[in-house]
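Here's the structure, in structure tokens; my notes come after.
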Amino acid sequence: MQSKKVLLFPSHQKMMEQVGINIKLARKRRGLTTVQVAERAGINRTTLYQVEKGNPGVAMGTYFNVLRVLGLHNDFLKLAADDELGKKLQDLDLLNGKKL
């Protein structure tokens, strides 16, 4: 699987790298090899290596499958769950009498 070249701001790239580190640590804590996780996720080891590096060009579904293998797939439900900015914008509209 070839990943796309995605450009991110340096701070955002660091966040992706941290996600990769977290995934790698989770795999190691479970005593799983790269071969085991890759096979169970239906990807090759090179792609798993890219996931563990936090490559933003790897498909989100691939990240999900790796998290599923690690038993962390419910973490996906936490993404954008607490939309503070959206709630503030919505509250401003409500205070100004706009209907949603």
Rough spin-label spacing in nm, given labels placed 7 Å along Cα→Cβ, for R40 and D75: 1.4 nm
Peptides 17-24, 87-94 ordered by average Cβ neighbours within 10 Å, highest first: 17-24, 87-94
Only Lys, Arg (+1) and Asp, Glu (-1) charged, at Cβ; segment 10-95 dipole about Cα centre in debye: 620 debye
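Once the Cβ-Cβ distance between L95 and N22 is put in as r, and R0 is 41 Å, what FRET efficiency do you end up with, to the nearest 0.05? Provide the component values of the computation, followed by the final result.
Values: r = 39 Å, r/R0 = 0.94.
Efficiency at R0 = 41 Å is approximately 0.60.
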Net charge over other residues, Cβ less than 15 angstrom from the Cβ of V6 (K, R count +1; D, E count -1): +3
Spatial extent of the chain: Rg and Dmax, with the Cα atoms as the point set, Å: 17.5, 57
J(HN,Hα) series, segment 71-86, from Karplus relation 6.51 cos²θ - 1.76 cosθ + 1.60, nearest Hz, glycine and proline x: x, 10, 4, 5, 4, 4, 5, 7, 5, 6, 5, 10, 8, 4, 4, x
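Any read-out appearing in this document is the output of simple, stated calculations on the displayed coordinates, not a laboratory observation. All values derive from a computational prediction rather than experimental measurement. All Cβ positions, glycine included, derive from the backbone under ideal geometry; neighbour counts span all protein chains shown.
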